[in-house]
Amino acid sequence: MLPRAQGLTEHPILLREDSGFDSQAHLALLERQRQAFADEGRRLDYLVKWNPRGSATADRDTWLAVAADYWQELRPGKRQALWTQTVSIHDDNKTEYVVQRVMRLVERTADRDGQLLLEPDYELEGWWTSLDEAPEAVIKRYQAHATHEQFHSEIKTDLDLERLPSGKFATNDLILHLAQLAYNILRLMGQLGMTGELSPVRHPAKRRRLRTVLQELVHRAALVIHKARQIILDFGQDIGRMTVLKTLRSRLRYPRGTPC
């Protein structure tokens, strides 16, 4: 994958992976790939979520001793410690690599409502990275990974494309192109009609899931009325959603004579 990605752009590449890729052999492979990129004058960085296996989280006193100099108060009853440590790893050939890991330890003595806990609750996380950035910046970069996964989830679940329908690549290619068109249309409807004052959804948000757009704007119950040699589609008195649809129609409709 990395050699192919190298041909797509001349910009630096950041490889971001979840904890399922946390292994010494994989990290050693990434270090070798970084060196190969550097030999060609390119830059490759990685960001892999640490998987705290077994005894890594068992020795709580050791982690508390390391975090003693890094505590920051976030709110009453909650504080966190951020630091960076270097770790030696080995590949299958016993070659040693020195990599860095950003660590975060969160201590909670009270919940967000102020209720005191009987015992402190600790949460330990880590990220393997080659980025030369502050721990806060590294964590923020990884959090964008979860946002990216949400878009994947919308395509698989909301558009029901977790499994492609055909065994032929040409057919699946057509389905994906149609799904891309539907995805962009629904995303545009959500951004223009469901994030402002006209939104029928109660809580504010910067964006809406495709499922929300489908439920609120597309999947509408209607009554077909045959009257006076006319066929009327009656949506009832749902003024809020019809106002959104009329607004979207006026904003997305090109005037006659306007080039698209």
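Read-outs: derived from the displayed coordinates by stated rules, not from any lab. A quick note: this is a predicted structure, and the numbers were derived from the prediction, not measured. Cβ: placed from backbone, ideal geometry, glycine included. Neighbour counts: every protein chain shown.
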> Once both axes come from the Cα atoms, what is the angle between helix 169-193 and the longest principal axis of the chain, in degrees from 0 to 90, rounded to 10?
Replying inline: 80 degrees
> Modelled label-to-label distance, ARG112 and ARG4, 7 Å Cα→beta-carbon offset: nm?
Replying inline: 4.0 nm
>> For the chain, take the longest principal axis of its alpha carbons; what is the angle in degrees between that and the long axis of helix 239-252, to the nearest 10 within 0 to 90?
In response: 80 degrees
> LYS94: which lysines have alpha carbons under 16 Å from its alpha carbon, excluding same-chain residues fewer than 8 sequence positions away?
Replying inline: none
> How far, in nm, would the chain grow between GLU133 and THR171 when pulled straight, counting 0.36 nm per residue and subtracting the alpha carbon separation?
Replying inline: 9.2 nm
> Excluding same-chain residues fewer than 8 positions from LYS156, which lysines have a Cα within less than 20 Å of its Cα?
Replying inline: LYS168
>> If I fit a long axis through the Cα atoms of helix 135-153 and take the longest principal axis of the Cα atoms of the chain, what angle between them do I get, 0 to 90°, rounded to 10?
In response: 40 degrees
> So what's segment 15-68 giving for Cα Rg divided by 2.2 N^0.38 Å, two decimals?
Replying inline: 1.51
> What is the distance, in nm, between label points placed 7 Å from the Cα along the Cα-to-Cβ direction at THR86 and at GLU149?
Replying inline: 3.1 nm
>> Using Cα-Cα distances under 8 Å and only pairs 6 or more residues apart, what relative contact order does segment 109-232 have, in percent?
In response: 14 percent
> Please state the relative contact order of segment 10-86 as a whole percent: Cα pairs under 8 Å, 6+ residues apart?
Replying inline: 29 percent
> When the convex hull of the C-alpha atoms of segment 169-252 is computed, what volume per residue in Å³ does it have?
Replying inline: 139 Å³
